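Only the coordinates and a few stated rules stand behind these numbers; no lab work does. Note that the coordinates shown come from a computational prediction; the quantities given were computed from them, not determined experimentally. Note: ideal-geometry Cβ built from the backbone for every residue, glycine included; neighbour counts use all protein chains shown.
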């Protein structure tokens, strides 16, 4: 098994387990407050890792860069706004329905990459998109 596949599989397993904690925690609080707690914990953890690995100088060297701007935009759309709407959906809905629908984001990534990055839309991507839409339709009801 290659490293990329193993890392991706571990990611899927961890992301599959994490919503269980979120669902239980959201029973006790507002989604916006839950996002604040999640973000604060992430901030502390990531900063500890940056300091522990000695990458603090690299971090400050990257901050004024164009790459940092784009990564910041990704944080706003994905880690803040996307996570907030996800928490609202998870609080009100069943985790077994919310998570697969929210996990359909590759459909939108493929569409936006085609429109804005000039990526090619291949038949495998079209078939995958059709399957994603089918799965979302089944879970909608």
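Its relative contact order, with pairs defined as Cα atoms under 8 Å and 6+ residues apart, puts region 61-141 at 24 percent.
Using a simple spin-label model with pseudo-atoms 7 Å out from Cα toward Cβ, residue 46 and residue 18 lie 1.1 nm apart.
Here residue 112 and residue 66 are evaluated by their C-beta separation; at R0 = 30 Å the FRET efficiency comes out at 0.95. Would you please classify the overall shape of region 49-91 from the alpha carbon gyration tensor, given that a ≥ b ≥ c denote the square roots of the eigenvalues, rounded means a/c under 1.5, and beyond that prolate means a/b larger than b/c while oblate covers the rest? It comes out oblate by the Cα gyration axes. Where a ≥ b ≥ c are the square roots of the eigenvalues of the C-alpha gyration tensor, would you call region 94-141 rounded, which needs a/c under 1.5, or, failing that, prolate if a/b is larger than b/c, or oblate? Note, shape of region 94-141 comes out prolate. Using alpha carbon centroids, what distance separates region 39-114 and region 1-33, in Å? Using only Cα atoms to place each centre, the spacing works out to 13 Å. Here r is the Cβ-Cβ distance between residue 28 and residue 136 and R0 is 25 Å; the resulting FRET efficiency, rounded to 0.05, is 0.30. Over the residues of the chain, the helix contribution to mean residue ellipticity at 222 nm works out to -25000 deg cm²/dmol, using -39500 (n - 2.57) for each DSSP H run of at least 4. For the chain, the square roots of the Cα gyration tensor eigenvalues, ordered a ≥ b ≥ c, give a/c of at least 1.5 with a/b no greater than b/c, which places it in the oblate category.
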